[in-house]
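Structure, as structure tokens:
The values are calculated or read from the model by the stated rules, or taken from the named source; none is laboratory data. These figures come from a predicted structure and were not determined experimentally. Note that each Cβ is placed from the backbone with ideal geometry, even for glycine, and that neighbours are counted across all protein chains shown. Keep in mind that these areas ignore ligands, DNA and RNA; they rest on the heavy atoms of the full protein, side chains included. Shrake-Rupley method; radii C 1.70, N 1.55, O 1.52, S 1.80 Å.
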Amino acid sequence: MPAVFLKDRSLLFVSGAEAQPFLQNLITTDIISLGADEARPGALLTPQGKILFDFMIWQDGDGYMIETDAGQRDSLLKRLTMYKLRAAVTLAPSTEEGVTVCWGEDAEDSQGGRGSQGVRDSRFTKAGITLIRRPGKLGDGKEALYDALRISHGIVTSGSDFALQDAFPHDVLMDFNGGLSFRKGCYVGQEVVSRMQHRGTARRRVVTVSAATALPETGTEITAAGKPVGTLGSVEGGSGLAIVRIDRAGAAMAAGTPLLAGETPVSLVLPAWSGLVFPASADEASA
């Protein structure tokens with residue numbers, strides 16, 4: 001596949017003698033176990049456990065590169081600076097703008113390096129795809145190709161698929177894709193997400209959505225018997241993503257109740273790599 005340039009991504013470099021403990025005690029990702037050629041998802045949460053900022057993070061030399069939406073970078077930098085206090089940490093925007101992604105044969109050809117040479121996106125690795133992320137513009141493939149790949153494998157992005165400060169990490173499958181640690185100790189919002197994990201109370205989950213015709217626009221409500229179960233996110237033709245209440249969707253599917261995105265009949269599938277299944281009844285959902 002051709003290399004695709006994602007122009008709306010920006011980079012932030014975190015370095016210094018205390019960069020690792022600074023980030024380890026702040027964000028959801030366990031960066032101590034982060035591989036040298038691996039990029040993992042992560043988030044900075046609100047104290048209530050919701051996603052305030054989301055990003056990808058990887059090692060770059062003696063520091064860490066954070067890739068986030070261009071519209072988030074300056075606010076993320078400001079928030080990290082607020083937490084920095086007297087820590088021996090330097091925070092600086094990268095001089096490179098945008099990120100290039102490639103997969104398939106192009107990804108295989110670019111493996112073997114780290115940092116600017118390319119890092120493996122662990123979200124796609126979970127889905128059985130080798131996808132490499134590299135800073136800067138290194139290709140001109142259509143961004144729709146990347147979106148179609150994301151959609152087909154249940155990989156969401158903020159803005160298109162969920163609103164910041166509205167979703168918990170479990171909602172976007174961070175408990176399965178390597179972006180959420182339950183073993184590394186305290187970080188902002190950790191108590192809330194740990195409680196959700198141990199009590200098994202996560203009900204909103206990412207699903208892939210398909211229809212026989214083109215799906216309606218992003219933001220369209222998905223319903224069962226007139227009751228909302230979720231909201232449509234990214235859309236490419238007859239395929240899309242949504243975050244839905246899997247207990248409500250599962251009960252509707254078990255009862256044979258049609259699921260609709262607006263007026264369009266749809267089917268919902270949980271990403272295979274997550275290992276999740278739809279509960280078939282309210283009793284099963286609360287088990």
| field | Where a label projected 7 Å from the Cα of residue 95 along Cα→Cβ would reach, residues of the stretch 115-155 with amide N under 20 Å | value | 115-118, 134-139
| Dipole of the stretch 1-59, positive end: most advanced residue of 52, 21, 33 [Cβ charges, Cα centre] | 52
| request: Throw me the Rg/Rh for the stretch 12-94, computed over C-alpha atoms with Kirkwood Rh, two decimals. | output: 0.92
| remark: Here FRET efficiency (C-beta to C-beta, residue 70 to residue 254, R₀ 45 Å, nearest 0.05) is 0.60
| query | Relative contact order, percent, of the stretch 1-78 when contacts are C-alpha pairs under 8 Å separated by at least 6 residues? | reply | 35 percent
| task | Under 1.5 on a/c is rounded, so check that first for the stretch 159-237, then, if it is not, pick prolate when a/b is larger than b/c and oblate when it is not; a ≥ b ≥ c are the square roots of the alpha carbon gyration tensor eigenvalues. | result | prolate
| request: Only helical DSSP H runs with n ≥ 4 go in: add -39500 (n - 2.57) per run for the chain, normalise by residue count and round the 222 nm mean residue ellipticity to 500 deg cm²/dmol. | output: -6500 deg cm²/dmol
| note | So residue 183 and residue 17, fully extended at 0.36 nm per residue minus their Cα-Cα distance, gain in nm 57.4 nm
| field | Heavy-atom accessible area order for 62, 54, largest first, 1.4 Å probe | value | 62, 54
| note | Evaluated at 4 °C and 1.567 mPa s, the Stokes-Einstein D of the stretch 207-249 based on the Kirkwood radius over Cα pairs, in µm²/s, stands at 126 µm²/s
| message | Need one number: nm distance between label points at residue 81 and residue 225, each 7 Å from Cα along Cα→Cβ, rounded to one decimal. | response | 5.4 nm
| message | If you split all Cα-Cα distances of the chain into 10 Å bins from zero, what percentages do you get per bin, shortest first? | response | 7, 28, 35, 22, 8, 1
| task | First check a/c for the stretch 133-281, with a ≥ b ≥ c the square roots of the eigenvalues of its C-alpha gyration tensor; if it is under 1.5, answer rounded, and if not, answer prolate when a/b is larger than b/c or oblate otherwise. | result | oblate
| said: Whole-Hz ³J(HN,Hα) for each residue in the stretch 205-220, computed from phi via Karplus 6.51 cos²θ - 1.76 cosθ + 1.60 with θ = phi - 60°, x for glycine and proline: what do you get? | reply: 9, 6, 10, 8, 10, 9, 9, 6, 10, 4, 6, x, 6, 3, x, 5
| note | Yeah, the stretch 1-59 with a ≥ b ≥ c from its alpha-carbon gyration tensor (a/c under 1.5 is rounded, else prolate when a/b outruns b/c, oblate otherwise) is oblate
| task | Sum up the charges of everything whose Cβ sits under 13 Å from the Cβ of residue 237, counting Lys and Arg as +1 and Asp and Glu as -1, but leave residue 237 out. | result | -3
| note | Expressed in square angstrom to the nearest 10, the accessible area of residue 277 with a 1.4 Å probe stands at 100 Å²
| query | Of the residues 69, 166, 60, which exhibits the maximal mean-square fluctuation in a Gaussian network model of the chain defined by a 10 Å Cα contact cut-off? | reply | 166
| task | Please work out the Cα center distance from the stretch 176-253 to the stretch 1-72, rounded to the nearest Å. | result | 23 Å
| remark: Under a Gaussian network model of the chain whose springs join Cα atoms within less than 10 Å, the largest fluctuation of 63, 128, 250 belongs to 128
| said: Just to verify a number: FRET efficiency for residue 33 and residue 7, C-beta to C-beta distance, R0 = 35 Å, to 0.05? | reply: 0.65
